[in-house]
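Have a look at the structure below before the remarks.
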Amino acid sequence: PVAGRLRWRSLDARDSEASVALAREIQEQRGALDVLVNNAAILGPTGPLDSIDPSQVSAVWDINIHGLYLTTAAMLPLLRAAGAGACVINLSSGVGRQGRAGWGPYAASKFAVEGLTQCWADELAAEGIAVNALNPGATATTMRAAAKPEEDPATIPQPEDVVPAFLYLLSREAREQEVSGTSI
């Protein structure tokens, strides 16, 4: 079980100044950050890679990769201040583990999320800070509806159905088993 209060904030992950300002605000209010969930992502264009304008690829990668990096880097001192038991959860995707035709920019960005997760997990292991990637699978979100308009959202899991996976990564059990650097 996870005890305590949950407070969340959203920001434009591409805006490093916003990340730094939020880190400063958290520092002043709490002094530490126990959990960081990097969920910012866009689907971007789909179709054959050679048909996609490079500026559209950059737009996807700015949010999905660079934004995750900027946010995590800004929050890292606060996670370190929380110490052992702090946790970072990076949202990933099945196409970040197995590429799929037509999903190039998004898939490549999620492969990068998996790689960043593994690197930070290895770098922060000695400090007891867990960093994991979570692929929620097919979930009824706005992005999923855009990617698969033919799909009936009532036939796939709802966002609240993914909560147990988050809770597991935040649990005492996961800490005791030193779950970090994993992709679930």
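One residue stands out among those in region 46-64 that are open to solvent by less than 40 Å² (accessible area, probe 1.4 Å) and under 22 Å from Asp15 (Cα atoms): the one that is nearest to the chain's Cα centre (by Cα), which is Asn64. For beta carbons closer than 8 Å, sequence separation of 6+ or different chains, a first residue in region 145-165 that is of a type in the set (Asp, Glu) and a second that is open to solvent by less than 80 Å² (accessible area, probe 1.4 Å) and assigned to a helix (DSSP H, G or I), the qualifying pairs are Glu151/Arg144; Glu151/Ala145. Per the conditions (1) within 18 Å of the chain's Cα centre (by Cα); (2) within 24 Å of Ile129 (Cα to Cα); (3) modelled with pLDDT under 95; (4) open to solvent by less than 60 Å² (accessible area, probe 1.4 Å), the sole criterion not satisfied by Leu43 is (2).
Which of the residues spanning region 16-25 are in contact with a helix residue (DSSP H, G or I) (Cβ under 8 Å, 6 or more places away or on another chain) and open to solvent by 30 Å² or more (accessible area, probe 1.4 Å)? Ser16, Val20 - these are the residues of region 16-25 that are in contact with a helix residue (DSSP H, G or I) (Cβ under 8 Å, 6 or more places away or on another chain) and open to solvent by 30 Å² or more (accessible area, probe 1.4 Å). Within region 92-125, being more than 29 Å from Gly47 (Cα to Cα) and either open to solvent by 30 Å² or more (accessible area, probe 1.4 Å) or free of Cβ contacts under 8 Å to residues at least 24 places away in the same chain (or both) holds for Cys119, Asp122, Glu123, Ala125. Looking only at residues in region 132-184 that are closer than 25 Å to Gly47 by Cα and basic (Lys, Arg), which one is surrounded by the most Cβ atoms within 10 Å (Cβ to Cβ)? Across region 132-184, the extreme among qualifying residues is Arg144.
Confirm whether Ile89 is in contact (Cβ under 8 Å) with a residue 40 or more places away in the chain, closer than 22 Å to Ser10 by Cα, open to solvent by 10 Å² or more (accessible area, probe 1.4 Å) and among the β-branched types (Val, Ile, Thr). Against the criterion (in contact (Cβ under 8 Å) with a residue 40 or more places away in the chain, closer than 22 Å to Ser10 by Cα, open to solvent by 10 Å² or more (accessible area, probe 1.4 Å) and among the β-branched types (Val, Ile, Thr)), Ile89 does not qualify.
The values are calculated or read from the model by the stated rules, or taken from the named source; none is laboratory data. Just so it is clear, the structure is predicted and the values come from calculations on it, not from any experiment. A quick note on method: Cβ atoms are made from the backbone with ideal geometry, for glycine too, and the neighbour counts reach across all protein chains shown. Areas reflect the complete protein model, heavy atoms only, side chains present, ligands, DNA and RNA absent. Shrake-Rupley method; radii C 1.70, N 1.55, O 1.52, S 1.80 Å.
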